[in-house]
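Okay, so here's the structure we're looking at.
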Amino acid sequence: MMLFTTPAANVTNKAERECLSHSDVKQLATIVKCRPEYEGKHIWSLQSTSQLEFSNFQGCVATQNKLIANSNVASTMTLRTWCFCDSDKNECPTDEEAVATIRGIWSCELSPTGQTCEDARKTFNNFVGQSQAPGKGQNSTSIQLYPPPPDIRSRGQQ
């Protein structure tokens, strides 16, 4: 995780005020759409980096989603977040499995009792643990969660 800051300034634009008012994980789809436009109008400087360790991929994604949503209301800071897996035994999920898992986690955050979430829960894999495609695991996997890359930008959609 990387923390960036920008000097304080009045936020007078209605769309920017609306964007910065979102602070719930269920609003991440809106944050992901509007926050980059706000950030693009400011100069940011790196303030710190931090590392958190998780026992599984779901924990990494869920925690970072909360951090992004909760920090969105701060107009003078932003985050860049990733989840990494490292294994010398090819135990990391493939990139495709990681993307599918993120989409599943996001669908569950938006609709915990929906059918898409129920289907996704059946296929969640640990970030460290055998790849669901035998013999196709990787030594490492990394995926940027915020801002999300184009292949996972449409939250919760398969």
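Before moving on, here are some points about what is shown:
- When region 35-45 is filtered for residues that are in contact (Cβ under 8 Å) with a residue 40 or more places away in the chain and either buried (at least 17 other Cβ atoms within 10 Å of the Cβ) or touching a strand residue (DSSP E or B) at 6+ places or on another chain (Cβ under 7 Å) (or both), the ones remaining, listed by number, are Arg35, Trp44, Ser45.
- Members of region 55-82 that are touching a Ser or Thr at 6+ places or on another chain (Cβ under 7 Å) and closer than 15 Å to Thr141 by Cα: Phe57, Trp82
- Scanning region 16-34 for residues that are touching a strand residue (DSSP E or B) at 6+ places or on another chain (Cβ under 8 Å), under 26 Å from Phe84 (Cα atoms) and part of a helix (DSSP H, G or I) turns up at least one hit.
- Flag for Val11 being open to solvent by 70 Å² or more (accessible area, probe 1.4 Å), outside any strand (DSSP E or B) and either in contact with a Ser or Thr (Cβ under 6 Å, 6 or more places away or on another chain) or modelled with pLDDT of 95 or more (or both): no
- Of all residues in region 119-151, those satisfying the criterion of being at pLDDT below 75, under 21 Å from the mean Cα position of the chain (by Cα) and polar (S, T, N, Q) are Thr123, Asn125, Asn126, Ser131.
- Matching residues, region 46-86, being of a type in the set (Ser, Thr, Tyr), assigned to a strand (DSSP E or B) and either under 14 Å from Pro36 (Cα atoms) or touching a residue at least 60 places away in the same chain (Cβ under 8 Å) (or both): Thr78, Thr81
The values are calculated or read from the model by the stated rules, or taken from the named source; none is laboratory data. A quick note: this is a predicted structure, and the numbers were derived from the prediction, not measured. All Cβ positions, glycine included, derive from the backbone under ideal geometry; neighbour counts span all protein chains shown. Each accessible area value is taken on the protein alone, full model and side chains, heavy atoms only, with ligands, DNA and RNA left out. Shrake-Rupley method; radii C 1.70, N 1.55, O 1.52, S 1.80 Å.
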